[in-house]
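Derivation of every value follows stated rules applied to the coordinates shown; laboratory data play no part. Just so we're clear, the structure is a prediction, and the values are computed from it rather than from any experiment. As a convention, Cβ positions derive from the backbone with ideal geometry for all residues, glycine included, and neighbour counts pool all protein chains shown.
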Amino acid sequence: MTEDTSDPVSDHASDVVQLRELNGRFIAACRLGSWEDLKPVLSDRFAYVDGSTGERWETARYIEDLRANPIPNLTIDQVDIHVAGDTAGVSARTTGGTGRFNRYLDVYAREADGWRCVQASVWPLRPESGHAVS
């Protein structure tokens, strides 16, 4: 796992710990297909952008898709957490045990009550290499 620690202004160690925990909660909610578990991780300004189409989904569509498609075998690796002031990116490669890989990027903002995810995107990777589809 790569973790950026170059910003001397913020307490990076604390931020990274918080973001790693939120990322774990996000993944756990996806495994269960649970909007109720995911909602506390998300900002009121949350948006999902489909990485395959570039389409921004309405919240109702995202909730419906999450609930209809739990991924109990979801695993992640290649986690990268990058903090830049009051914004952070959390990215990882995922698989649901099917041999196909995706990558996600979740953008977090520091809000009054802590870090919250403001945007998420997931896109497929080439099956043979686990790299981005071109």
Strands (runs of 3 or more DSSP E) wholly inside the stretch 24-134 that include at least 3 residues being more than 14 Å from the chain's Cα centre (by Cα): 101-111
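Would a scan of the stretch 48-55 turn up a residue that is small (G, A, S) and touching a residue at least 40 places away in the same chain (Cβ under 8 Å)?
The initial filter retains those residues of the stretch 48-55 that are small (G, A, S), namely 51-52, 54.
Now drop any that are not touching a residue at least 40 places away in the same chain (Cβ under 8 Å), which leaves 51-52.
Yes, the conditions are met somewhere in the stretch 48-55.
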Looking at V107, V79, which one is among the aliphatic types (A, V, I, L, M), within 17 Å of K39 (Cα to Cα) and touching a Ser or Thr at 6+ places or on another chain (Cβ under 9 Å)? V107
